[in-house]
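Reviewing the structure listed below.
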Amino acid sequence: MPVYPLTEDLQPGDIFLVQIPIDRQQEIFNRSGFLPLDNHIGRILPSGFGKFYERTVHAANNLILPRDWFAPGQGVPGTSAPNSSFPTYSFAVRRGAGLNLAVPVQGVPVGLSLLASDAAQGSIVIADAKTYGIDTISLEEDTQKWASSHRSFLSNFAPSIDGQKKIKQNFVRVVSRVYLTSRVNVSLQSSKSSAGEVWGGARKPVDLLMPHAGGDVQQVSMEAYNTNLEKLNRMVEGILSKAGDTLIPGGTVKVVAASANTISLVETFPRPLVIGYLGFDFPIDQYGFLGPPIPTHAILTQQISPDGQRTPKSVVSKRSYKTIKEEAAKGQNPKAMTFLKELDALASLVPAVYPCTIYGKTGPDGALSDQFQAGSPIGVEPRNFSVVTTFREKLRHSIAALQAEPNPRPTDQAEQLQCSTQTLAELEQGLHDHQLLLRDAIDFASDLEQAGGD
């Protein structure tokens, strides 16, 4: 994914909130070639750098990244980082039209002006490129830990229904790898000259390098060519100094070769700048939980549909629990007995009494009524995993029933809705803390069911 504008301040572990619908993101990406990174909500310091690089030539066991590879004042920044190489990018540009290049270098508009052309074919070479990153597995673990500490914030961006009755899904985007460059080479070949209108009949800047009528041999010598090249570069320097830092902060553009219709420029940066990144998106689920990571680029290029990547079930269903319980009862499957014991231990997540009044719809007219008063005992014996699924279902149904009531709700119902929502969020958090157990149990039960059907 290209970065615009180029920056030093982007690294693996940076977290962004994405609220733009996927189809709109795809439209922006196809039109502009990049997506803005404008809602920066966090920065994780990945815990897995040392292990990730421990067996490479760029061992980083005792390093702090990116500081120790790219900090100024320690020789040439980025020298110790892994190298990277990019292909040559070809493009077409026209004055007054957008440039769908996704590589924001000021050499392109500068070269177009020096050619006094309103259209050109060009190529860009990203040189002196470096890269570093982290594996998805360890970064996902770090991201989930970060999310558990910011659940309240993330819950504000849970899925909702928009005015067109469509689900609005928000995402957390995490950077896993960045690509940096210290030098960009730009070559342009004029497709159409507009010297008359741009330069008012005066000679265009690249003509400084060309022989003209009445010139002598000295004027077309290599020495004269280099002298005029220096004049052209001083002109460029003056133009950019007047423009200030509106283009690329700290970048230096120099013309290295030119003719009547072509020009080659080199843009260098005193320290490497991030020019692109890889990352993945987590869908934000109800109550601020994060779903599985989905590669950002795969979504934007429509290789993966996020609709098929919803958060997997993190709670063992009654059917799965029954399957495991029946297998454990046979006394011949130690794995089933271990799962049963560990699942039943999660009954401790359910309080002894209802902390909130549980509501439901009753009667032929579907009137709202209280079914279990707050403070009444949750009388399920024995207290095994079944009490977890039952209590969770009651909370969800109660919340749905209360939310269906027209506003303004009576004060007691509004209070019970808030209580039930908070209680369910706490239960979901407790289950999320045991997500590996729950997912393994689901897979185990599924294998048992498939084996039984064969």
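The values are calculated or read from the model by the stated rules, or taken from the named source; none is laboratory data. On a predicted model such as this, the values are computed, not experimentally measured, just so you know. These area figures cover heavy atoms from the full protein model, side chains too; ligands, DNA and RNA do not enter into them. Shrake-Rupley method; radii C 1.70, N 1.55, O 1.52, S 1.80 Å.
Given a 1.4 Å probe, how much area per residue of the range 355-415 is accessible, in Å²?
The answer is 56 Å² per residue.
Round to the nearest 10 and report in Å² the accessible area of Glu449, as given by a 1.4 Å probe over the protein chains' heavy atoms.
Surface open to solvent at Glu449 totals about 60 Å².
Given a 1.4 angstrom probe, I'd like the percentage of the accessible area of the range 391-454 that is carbon and sulfur, rounded to a whole number.
Of all accessible area on the range 391-454, carbon and sulfur atoms account for 47 percent.
Order Lys325, Lys254, most accessible first, counting only protein heavy atoms with a 1.4 angstrom probe.
Lys254, Lys325
Mind listing the phi-derived Karplus ³J(HN,Hα) values for the range 183-191, rounded to whole Hz, using 6.51, -1.76 and 1.60 with θ = phi - 60°, and x for any glycine or proline?
For the range 183-191, the Karplus-derived couplings read 8, 10, 9, 10, 10, 10, 10, 5, 9 Hz, x marking Gly and Pro.
Ordering Tyr89, Tyr132 by accessible area with a probe of 1.4 Å, largest first, what comes out?
Most to least solvent-accessible, the answer reads Tyr89, Tyr132.
Given Lys145/Lys318; Lys145/Lys341; Lys168/Lys341; Lys145/Lys394; Lys51/Lys341, which pairs have Cα atoms separated by over 30 Å?
In this structure, Lys168/Lys341; Lys51/Lys341 lie more than 30 Å apart at Cα.
For Gln11, list long-range residues whose amide hydrogen, built 1.01 Å from N in the peptide plane, is under 5 Å from its own amide hydrogen.
none
Can you pull the accessible area of Arg392 for me, 1.4 Å probe, Å² to the nearest 10?
50
Heavy atoms only, probe 1.4 angstrom, no DNA, RNA or ligands counted: give me Ser47, Ser191 ranked by accessible area, highest first.
Ser47, Ser191
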